[in-house]
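Peer 1: The structure that follows is given in the form of structure tokens.
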Amino acid sequence: MLAVIGPTGDAATGAALPAYDEAVLPLLTVSSLQIAYEARVNAAFFQASPSYAALSLPIVTRLLRSSGAGRLGILIDRSGGQAAYQAGCAANLMVPGLTGGTTHLRVVPAGTTGLGPVVADLLAHRSDALLYAGDAAGAAPASWARTARCTRTVPAGRRRRRRRRMGEGPGSVAFG
């Protein structure tokens, strides 16, 4: 055997790497997207997919560059683990260089259920677009229905502009 294709997912990859390093066997994954894993002696590990951080590039491009928005509100929900953290932080770092825009970043602890006040804060800081980086439960329609109540405090004209830019529904602003 020359190499192994697998495992799938970040946790399985992290658990499998020591065994493949010990066997000095190259490992290729097509679905593990973390930026870094523990240091290893025989680092013959290849990722065939972009990292969570690299996936932030099209998000930033879509939310700001193509829409003309200038300020991105970023909500990192730690329930989403490393995937959410890496995507949200990378987007935060990319915005000034790619778009000349600014960001307002908020991080909430894992298990936070009331996102409404945090979203209200993002909107109060004049965010033109919102990025949710977290798990699927936080991005669920029920969560964004609660969030929508906060957007009612934004003047109607501004809400309409945001919807034209972002599209309707939770899938257009929530990534998890």
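The values are calculated or read from the model by the stated rules, or taken from the named source; none is laboratory data. As the structure is a computational prediction, the values presented were derived from the model and not from experiment. Using ideal geometry, Cβ is built from the backbone for each residue, glycine included, and neighbour counts are taken over all protein chains shown. Side chains included, ligands, DNA and RNA excluded: accessible areas come from the protein's heavy atoms. Shrake-Rupley method; radii C 1.70, N 1.55, O 1.52, S 1.80 Å.
Peer 1: At a Förster distance of 25 Å, what's the computed FRET efficiency of residue 25 paired with residue 54, Cβ-Cβ distance as r, to 0.05?
Peer 2: Values: r = 26 Å, r/R0 = 1.04.
After rounding to 0.05, the efficiency reads 0.45.
Peer 1: I'd like the carbon and sulfur percentage of the solvent accessible area for region 8-115, probe radius 1.4 Å, heavy atoms only, ligands and nucleic acids excluded.
Peer 2: Working: 3200 of 5290 Å².
Carbon plus sulfur share of accessible area: 61 percent.
Peer 1: Right, another one. Can you work out the accessible area per residue across region 40-122, with the rest of the protein chains kept in place, probe 1.4 Å, in square angstrom? Present the calculation step by step, with values, prior to reporting the outcome.
Peer 2: Details: 3730 Å² over 83 residues.
Roughly 45 Å² per residue, with all protein chains present.
Peer 1: Going by the alpha-carbon gyration tensor, a ≥ b ≥ c the square roots of its eigenvalues, is region 70-121 rounded (a/c under 1.5) or, if a/c is not under 1.5, prolate (a/b greater than b/c) versus oblate? Kindly include the intermediate steps, with their values, before the conclusion.
Peer 2: Values: a/c = 4.30, a/b = 1.49, b/c = 2.89.
Taking the square roots of the gyration eigenvalues as a ≥ b ≥ c, region 70-121 is oblate.
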